[in-house]
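The values are calculated or read from the model by the stated rules, or taken from the named source; none is laboratory data. In this text the structure is predicted, and so the values were computed from the model without any measurement. We place every Cβ from the backbone using ideal geometry, glycine too, and count neighbours over all the protein chains shown.
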Amino acid sequence: MTDKLKIAGAVLCIAVGMWAFYHFAEMALGLRALMVLGGLVLGGLCAWWSVPGKRFVTFAQEAWVEGQRVAWPSRQETVRSTLIVFAFVVVMSLFLFLVDKIIGWLVNLILVTN
């Protein structure tokens, strides 16, 4: 079976799960949610058996390993960086406010005197 058919089957499984959720509106919400979940699981299995699906799983595993190697900042570093960004935003907003008022004053001065 080609990979395109496997991916199409995965999309079809997900679509059937979504269709079942809305078609069986009179059933309990938990059962309808299980229909969607079943469609997602079957779709995931169909996609996993394809070459692109296996490449995606390999990519996700490598990304997880890479995420564990990241040197995350401490709480103190995060708070310090946040305060620096906040202070910079306040200073820049005041600067832009002043520049806007000065340009507005100059334009008003030019238009009123002419």
- Item | Long-range neighbours under 9 Å by Cβ, at least six apart or interchain, first residue under 20 Å from Leu12 (Cα atoms) within the stretch 47-67, second loosely packed, with under 10 Cβ neighbours inside 10 Å and β-branched (Val, Ile, Thr) | Ser50/Thr2
- Query: Would a scan of the stretch 46-68 turn up a residue that is small (Gly, Ala, Ser), at pLDDT 90 or above and in the same structural domain as Leu12 (by TED's automatic domain parsing)?
  - Reply: yes
- Restricting attention to the stretch 12-60, which residues are surrounded by fewer than 12 Cβ atoms within 10 Å (Cβ to Cβ) and within 25 Å of Thr2 (Cβ to Cβ)? Val51, Arg55, Thr58, Phe59, Ala60
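Could you tell me which residue of the stretch 70-109 is surrounded by the fewest Cβ atoms within 10 Å (Cβ to Cβ), considering only residues that are of a type in the set (Gly, Ala, Ser) and in a loop (DSSP other than H, G, I, E, B)? Full working, then the answer.
So the first thing to find is which residues in the stretch 70-109 are of a type in the set (Gly, Ala, Ser), and the list is 71, 74, 81, 87, 93, 104.
After this cut, where a residue has to be in a loop (DSSP other than H, G, I, E, B) as well, the list is 71, 74.
Working: Ala71: 5, Ser74: 9.
Top of the filtered list is Ala71.
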- When both residues are 6+ apart or on different chains and their Cβ atoms are under 7 Å apart, which pairs have a first residue that lies in the stretch 1-29 and is assigned to a helix (DSSP H, G or I), and a second that is among the aliphatic types (A, V, I, L, M) and loosely packed, with under 12 Cβ neighbours inside 10 Å? Asp3/Val51
